[in-house]
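This report concerns only the one structure given below.
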Amino acid sequence: MGAHLPAVFRRPAVLWTALAAALAAAVITVLVVVPGADDDVSYLDLDAPVAGRVADLLDRMTIEEKVGQMTQVAVPAIEATPSDITELGIGSLLNGGAEAMHDTPEAWAEMIDGFQSAATASRLKIPMVYGIDAVHGNGALPGAVIFPHNIGLGAAHDPDLAAQAAAITAAETRATGVHWTFAPCVCVARDSRWGRTYESFGEDPGLAVEYAGPVVQGYQGEDLAANTSVLATAKHYVGDGGTAFGSSTTDDYLLDQGVTTLTEEELRSIHLAPFKAAVDAGVGSVMASFSSNDLGGGPLKSHADSYLINDVLKGELGFDGFVVSDWQGVDQVSEDYAEAVRTSINAGVDMVMVPFEYRRFIDTLVAEVDSGGVSEERIDDAVSRILTQKFALGLFEQPFADTTGAADIGSPEHRQVAREAAAASQTLLRNENDLLPLAADASVYVAGSGADSLGRQLGGWTASWQGGVEAVTEGTSILAGMREVAPNAAITFSENASEPIGGADVGVVVVAEDPYAEGVGDAGAGAHDMAVSEADAAAIDTVCAAVDCVVIVVSGRPIELTSHLAEVDALVAAWLPGSEGAGVADPLFGAAPYGGRLPVTWPRATDQEPMNVGDPAYDPLYPFGFGLETA
Ligand code: GLC
């Protein structure tokens, strides 16, 4: 204050009063403008209760920073401008099934840590959480163990074994710097023509209920911050496996992302029950479904369903983790993007897998908050849920990869568990004259597209989104497994059965589906159907006409082969057994028993679908729960 002041301020008493008022204002400003400045360790205080850390951090955040935390971005969209992660406070990154692949744990960790450096360079140093589809092993990492897909685990009727598989997957995933897997799918596949049938534990909700808890706990472990744990995701909420054939709202798909038409009671008993089990097990995230539910009032997108997310999932079931959208799932809610964002966030979606136009999403949601379309309370709830999981993951204390577990990736011990899981999933459907198990010194003629194709036995979500027929990672084909399990057997291989069968004692024809994922695999949608390929059908005819024969089916769902049954002496559903083909060979040669039981009904004909246990007119080739046993 100086000579330019009005005369009145030059009187000492007034001057001191004015100074005191200015000082008080300054002190209040400091307290208000930077709340928590004087306790800037509390959200970083490891010993403080998580709720207090969340509250303190939330108190410090701007609305833009909060919305940044609700934003999940795909690597290709931001890898050229990592500074955006810092500027916008991006809360999460992911790589979809077909991008940003790396060949070693170290290379994965280096990429993720690079993004993490950008995230922790933000004003409040909030780490990002990285997610991936490690749904049956860390399929994106060459050399990781790949377990049977869920349908095979369901056939094994062994949730504890599935939990072991999840725990190994978690360890082999966290060791690469990834914190979060979008698994398990607790979907209940009610129509086997669905391209995601193999991601389900089966058609009966009791199976998904039985598996959801142990598998979630397998992924998350006792301590989410451990370098062997990852955040799990129960998906896709809710009713994704109940859509009607032809109801898909996505071009080229038939079932996937379609409409499930049920009463609320039916939806609850069939599709909601597994989510209750997952929530009760402490699952940290739930992914919303692309599909819609029509409970009588017309179809409503699951991403827009406030009753099912806010009232049922978060209210009734008490889910305290966060809901993540599916890939551009918010965009499907409305052609008006602002309306789509407003509706989804108000319905209870907490994090949006944008995953490309992240600035548009952020700007749109901030504008919705400014206009009152979305309340700050809703934003605070979403961000609190997300931050709670980040604190539980230990990301504030250990934001960067701990790759010490990389030494165990693909270890013999891990592969042994996968082999046991593959063996336990084998489901024996026919065994005329007790042809199986084969003698260890038998002369065996092997044919079929699935016999020596690691890619086919792995299925989708392996090395890429759709998988591939080539050897997409390390592992043992079924043929190699047969040679390993029965070294004294004389094994001849001819994929199309063009080689002479000669004096073989028995033929083994391994028929297979080519890999697929999501709606691409919907039967009848295009390249995929529930039928034996022409080449494999010819191999069956050739081999089974000459000798006693075993047909092994490598598939993500039942395959129509009724017309071949008369010529087949033994029939095995191998499902998608994963990287350890010896697991298929073990029961074949009696090194393990057959004990699998059908997790889905096996129809006589594809057009019998949907056909499920309990249906009034139930006339399958093999019923749900069926499976022959050997010693
Ligand atoms: C996909 C799938 C979902 C997956 C996500 C990320 O569209 O529906 O299961 O986790 O996108 O890849």
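The values are calculated or read from the model by the stated rules, or taken from the named source; none is laboratory data. Since we're looking at a predicted model, the values are computed, not measured. Cβ: placed from backbone, ideal geometry, glycine included. Neighbour counts: every protein chain shown. Please note that ligands, DNA and RNA were not included when accessible areas were found on the heavy atoms of the full protein model with its side chains. Shrake-Rupley method; radii C 1.70, N 1.55, O 1.52, S 1.80 Å.
Regarding the range 294-302, can at least one residue be identified that is touching a residue at least 60 places away in the same chain (Cβ under 8 Å) and either of a type outside the set (A, V, I, L, M) or within 16 Å of the ligand (Cβ to nearest atom) (or both)? Looking for residues that are touching a residue at least 60 places away in the same chain (Cβ under 8 Å) and either of a type outside the set (A, V, I, L, M) or within 16 Å of the ligand (Cβ to nearest atom) (or both), one finds at least one in the range 294-302, hence yes.
Does Glu210 fit the bill of being among the charged types (D, E, K, R), open to solvent by less than 10 Å² (accessible area, probe 1.4 Å) and in contact (Cβ under 8 Å) with a residue 12 or more places away in the chain? Answer is no for this residue. Provide a single number: the residues in the range 139-172 that are of a type outside the set (A, V, I, L, M), within 16 Å of the ligand (Cβ to nearest atom) and either more than 12 Å from Tyr219 (Cα to Cα) or over 13 Å from the mean Cα position of the chain (by Cα) (or both). Total meeting the criteria: 3.
Which residue is modelled with the highest pLDDT, if the candidates are limited to the range 451-471 and must be open to solvent by 30 Å² or more (accessible area, probe 1.4 Å) and under 24 Å from the mean Cα position of the chain (by Cα)?
Step one: filter the range 451-471 for residues open to solvent by 30 Å² or more (accessible area, probe 1.4 Å), giving 452, 456, 463-466, 469-471.
Then keep just the ones that are under 24 Å from the mean Cα position of the chain (by Cα); that gives 456, 463-466, 469-471.
Numbers: Arg456: 98, Ala463: 92, Ser464: 92, Trp465: 94, Gln466: 94, Val469: 92, Glu470: 84, Ala471: 74.
Out of the qualifying residues, it is Arg456.
Would you mention how many residues in the range 310-336 are open to solvent by less than 10 Å² (accessible area, probe 1.4 Å), within 16 Å of the ligand (Cβ to nearest atom) and either outside the structural domain of Ala183 (by TED's automatic domain parsing) or part of a loop (DSSP other than H, G, I, E, B) (or both)?
So in the range 310-336, the residues open to solvent by less than 10 Å² (accessible area, probe 1.4 Å) come out as 312-313, 319, 321-325, 329-330.
Imposing the further condition that a residue be within 16 Å of the ligand (Cβ to nearest atom) reduces the set to 321-325, 329-330.
Okay, now just the ones that are also either outside the structural domain of Ala183 (by TED's automatic domain parsing) or part of a loop (DSSP other than H, G, I, E, B) (or both), so 321, 325, 329.
Qualifying residue count, the range 310-336: 3.
Within 18 Å of Gly329 (Cβ to Cβ), modelled with pLDDT of 95 or more and within 21 Å of the chain's Cα centre (by Cα), is that true of Val374? Explain how you work it out, then say what you get.
Numbers: within 18 Å of Gly329 (Cβ to Cβ): yes; modelled with pLDDT of 95 or more: yes; within 21 Å of the chain's Cα centre (by Cα): no.
So Val374 does not fit the description; no.
Which residues, counting only those in the range 508-524, are more than 16 Å from the ligand (Cβ to nearest atom), surrounded by 24 or more Cβ atoms within 10 Å (Cβ to Cβ) and either polar (S, T, N, Q) or under 20 Å from Gly578 (Cβ atoms) (or both)? Give the steps one after another, and end with the answer.
Here is the first cut: in the range 508-524, the residues more than 16 Å from the ligand (Cβ to nearest atom) are 508-514, 523-524.
Next, from what is left, pick out any that are surrounded by 24 or more Cβ atoms within 10 Å (Cβ to Cβ): 508-513, 523.
Across the range 508-524, the qualifying residues are Val508, Val510, Val511, Ala512, Glu513.
If the requirement is being at pLDDT 95 or above, surrounded by 24 or more Cβ atoms within 10 Å (Cβ to Cβ) and more than 35 Å from the chain's Cα centre (by Cα), which of these qualifies: Val568, Val543?
Details: Val568 fails: surrounded by 24 or more Cβ atoms within 10 Å (Cβ to Cβ).
Checking each option against the conditions leaves just Val543.
Among the residues of the range 238-266, those identified as open to solvent by 40 Å² or more (accessible area, probe 1.4 Å) and in a helix (DSSP H, G or I) are Glu264, Glu265, Glu266.
Given (1) surrounded by 18 or more Cβ atoms within 10 Å (Cβ to Cβ); (2) assigned to a loop (DSSP other than H, G, I, E, B); (3) within 16 Å of the ligand (Cβ to nearest atom), identify the lone condition not met by Gly131. Failing condition for Gly131: (2). Evaluate the following for Ala208: is it within 16 Å of the ligand (Cβ to nearest atom), more than 22 Å from Ala523 (Cα to Cα) and in contact with a helix residue (DSSP H, G or I) (Cβ under 6 Å, 6 or more places away or on another chain)? It is true that Ala208 is within 16 Å of the ligand (Cβ to nearest atom), more than 22 Å from Ala523 (Cα to Cα) and in contact with a helix residue (DSSP H, G or I) (Cβ under 6 Å, 6 or more places away or on another chain). Close contacts from the range 337-357, counting a first residue that is under 15 Å from Arg385 (Cβ atoms) and open to solvent by less than 10 Å² (accessible area, probe 1.4 Å) and a second that is more than 13 Å from the ligand (Cβ to nearest atom) and modelled with pLDDT under 95, with Cβ to Cβ under 7 Å and a gap of 6+ residues or different chains, come to none at all. If the condition is being touching a Phe, Trp or Tyr at 6+ places or on another chain (Cβ under 8 Å) and either among the hydrophobic types (A, V, I, L, M, F, W, C) or open to solvent by less than 10 Å² (accessible area, probe 1.4 Å) (or both), then the range 110-123 contributes Ile112, Phe115, Gln116. Mind listing whichever residues of the range 72-91 are outside any helix (DSSP H, G or I) and either in contact with a Ser or Thr (Cβ under 7 Å, 6 or more places away or on another chain) or on the phi > 0 side of the Ramachandran plot (or both)? Listed by number, the residues that qualify are Gln72, Gly89, Ile90, Gly91. The condition of being out of contact with any Leu (no Cβ under 7 Å at 6 or more places or on another chain), polar (S, T, N, Q) and open to solvent by less than 10 Å² (accessible area, probe 1.4 Å) holds for only one of Ser285, Ser229, Ser292, Ser269, that being Ser229.
Does Thr249 count as among the β-branched types (Val, Ile, Thr) and at pLDDT 95 or above? Please lay out each step first, then the result.
Working: among the β-branched types (Val, Ile, Thr): yes; at pLDDT 95 or above: no.
No, not satisfied.
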